[in-house]
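K.L.:
Okay, handing you the structure first.
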């Protein structure tokens, strides 16, 4: 059962791409909150893409989206620290470090760090096991995450 222990929260403006993706996900009846978000060069947030140490947007992960802004520029509530619910983009194992995965409407979901892990940015530690599409509790390691996911 996913749970939360809120820490620091903040609001940043939603990017147009985020609100477009949310509209697509809402129309499809697909979850769209509790995913990693990153801040872009305009100071707006969008879902965090699959994490790579050389990916500026993944490096700018600031936390987990807690609500559903419907228009660009609307404030998006983001949990930066604490324990947040997260949507699994694959199998997630309790005790494992997690990274962001996916692109476009699948972006921002969490998966376990892969065995090599050296080119991934760990953004949290799973506190529960979850299958794809399920929600789990995650201790956040944002902003910026752990640059060497297995260290």
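Quick note: the coordinates plus some simple rules give every number you see, no bench work behind them. As the structure is a computational prediction, the values presented were derived from the model and not from experiment. We place every Cβ from the backbone using ideal geometry, glycine too, and count neighbours over all the protein chains shown.
K.L.:
What ranking do 92, 62 get, fewest neighbouring Cβ atoms within 10 angstrom at the top?
P.N.:
The order, fewest Cβ neighbours first, is 62, 92.
K.L.:
Turning to a different aspect of this structure: Multiply the residue gap between residue 67 and residue 3 by 0.36 nm, knock off their C-alpha separation, and tell me the result in nm, one decimal place.
P.N.:
Stretched out fully, the residue 67 to residue 3 stretch lengthens by 21.5 nm.
K.L.:
Here is a further query. Percent of Cα-Cα pairs more than 26 Å apart in the range 5-140, please.
P.N.:
Summing the P(r) tail past 26 Å for the range 5-140 gives 13 percent.
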